[in-house]
Structure formats: structure tokens, C-alpha cells
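Q: Sharing a structure below in C-alpha cells format, with a few things to ask.
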Amino acid sequence: MMHDVYRRLFDALGPQYWWPGETPFEIIVGAVLTQNTNWQNVEKAIRNLREDDLLAPAALHAVPVEELEELLRPAGYFRVKARRLHNLLAFLMEQYNGDLDAMFASNVNALREELLSLNGIGPETADSILLYAGGLPVFVVDAYTHRILSRHGWIDMEADYHQIQDFLQGQLPDDPALFNEYHALLVYVGKHYCRKRSPKCDECPLHDLLPEGGPGL
């Protein structure tokens, strides 16, 4: 069923070209900075790093936290995010000598647990790093995913992150490219149609899949 949903969304909306980023490391940085802000603000902070030639693990790790805070200021919550990013960089340098290929070559479940053990790295951020930067078959779940699936009655309203992830991965082939595009399509639907308030169900490509009586709100 969920693969049919994907085909419907892809046919209606086309490829989303997500996650924006020139390198895997830039994607990792963006995954941390996008917490609690919009992507436009993240782009401004990443531009600061690019202009100072800091978009490499060793170079960014060498930046004092106080200086990093100022570079990340456009992303909001810049003090918190500077420390979270610094913790992640320390892990990358200490465990993998800054080598992303070595990090992503390790067991995906073990790496996921390592990322989740870092302060400020939750499931969505960890999985975004694994999927979008590492090309590993881990489905990223967010509030849009939960809203769309629960309103259509495909998951329980009370389902947690890992229950939703298990549901999706259990119905789809282990394909990182599919997971990448699927998540991006769900984000588009969540932003433009399946909104938290005043959803535009009649315009949504998934409209006729709603349960009888309309969406579960």
C-alpha cells in the first residue's frame, strides 16, 4: 500500500531534490542546524561557514565554540546549536578521524545508537544524517509523516517515531533513494495540503484515500 502511495505522490508532484547540500558534510551540518527553524535561516548560517572555508570536519572542529556561535547566529538558537554541532564534530574526529566514509561504512544500527547518544541529536536528526548524508536505508520520520499517515488511518494517532518508522520500512524495499524521495514528498504534502490547521484535503493527491468521514484530525 505505501509503495502505491509513493507512486501517486511522485507522479503528482515530481522529484523534490532534497536534501540540499553540496557535500555529505554540509548535509550533516544542515541536519543539526535545521532544528526549530526554517531552511532559509540554515542556508544563511551555512553560507557563513562556506565563506570562511569551514565546511570540512577538521576545519570546523578547530573553531572555538564562541566563534562558532556567531557564525551560526542566523540559524537561531545559535548557542545551543553550536554546542550540539561541536559535540558531533568531536565524535566524528575522535571516533573516525573526520573520515565520513569510514563512519558510514560502520554498522548502521550501531552508528545510529552512537549518534543518538550525543547531546541534542534525536531520532529525526540522526536518521537525516544516515539517509541524506550517508545514503543508508533509514526512513526519516517527522511531524508531517505522522500527521499524514494518522489522518488517513494508516497508523494510530498515538504511534511514536519508531512505530511509524517500522511501519514504513516494513512495507517498502530497503532503498535509500526511495526513502529519500518519499520523505521529501511527504514534507511537501504536509506543508501545502495536510496542514495542521485548515488542511486542503480536496487539493491533495491523496484525497480519495481518506477514510470515510474525512481525515482524523
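Read-outs: derived from the displayed coordinates by stated rules, not from any lab. No experiment lies behind these values; they were computed from the predicted model shown. We place every Cβ from the backbone using ideal geometry, glycine too, and count neighbours over all the protein chains shown.
Q: Choose one of 20, 3, 42: the residue whose Cα lies farthest towards the positive end of the charge dipole of the stretch 1-77 (beta-carbon charges +1 Lys, Arg; -1 Asp, Glu; about the Cα centre).
A: Going by the charge dipole, the pick is 3.
Q: Placing one identical point scatterer on every Cα of the chain and ignoring solvent, what is log10 I(q)/I(0) from the Debye formula at q = 0.09, 0.14, 0.18 Å⁻¹?
A: So the normalised log intensities are -0.38, -0.88, -1.28.
Q: Could you give the semi-axes, largest first, of the ellipsoid that matches the stretch 24-133, computed as the square roots of 5 times the alpha carbon gyration tensor eigenvalues and rounded to whole Å?
A: 21, 15, 12
Q: Rounding to the nearest 10 and keeping the result within 0 to 90°, find how far the Cα-based axis of helix 24-33 lies from the longest principal axis of the chain.
A: 80 degrees
Q: So, one more: Have a look at 55, 186, 13 and tell me which one the Gaussian network model of the chain (Cα, springs below 10 Å) gives the largest fluctuation.
A: 13
Q: What spacing in nm lies between the two simple spin-label points modelled at residue 87 and residue 17, each 7 Å away from Cα in the Cβ direction?
A: About 3.5 nm, to one decimal.
Q: Going by average Cβ density within 10 Å per residue, which order do the peptides 78-88, 93-103 take, highest to lowest?
A: On the way: 78-88: 20.1, 93-103: 14.7.
Result, highest mean Cβ count within 10 Å first: 78-88, 93-103.
Q: Same structure again: For the ranges 17-25, 120-128, what's the packing order if you count other beta-carbon atoms within 10 Å of each residue, average per peptide, and put the highest first? Working shown, then result.
A: Working: 17-25: 14.8, 120-128: 19.6.
The densest-packed peptide leads the list: 120-128, 17-25.
Q: Shifting gears a bit: To one decimal place, what orientation-averaged projected area in nm² is obtained for the convex hull of the Cα set of the stretch 161-210?
A: Mean orientational projected area (the stretch 161-210, Cα hull): 4.2 nm².
Q: Quick one: angle between helix 39-51 and the longest Cα principal axis of the chain, in degrees between 0 and 90, rounded to 10, please.
A: The angle comes out near 20 degrees.
Q: Any chance you could give the angle, 0 to 90 degrees and rounded to 10, that helix 2-13 forms with the longest Cα principal axis of the chain?
A: 80 degrees
Q: Moving on to the next point. Mind listing the phi-derived Karplus ³J(HN,Hα) values for the stretch 190-200, rounded to whole Hz, using 6.51, -1.76 and 1.60 with θ = phi - 60°, and x for any glycine or proline?
A: x, 6, 9, 10, 8, 6, 4, 10, 6, x, 9
Q: Put +1 on the Cβ of each Lys and Arg and -1 on the Cβ of each Asp and Glu in the chain; which of 77, 89, 167 then has its Cα farthest toward the positive end of the dipole?
A: Farthest along the dipole direction, towards plus: 77.
Q: Out of residues 5 or more away from residue 98 or on other chains, whose amide H comes under 5 Å of its own, with H placed 1.01 Å from N in the peptide plane?
A: Placed amide hydrogens put 93 under 5 Å from residue 98.
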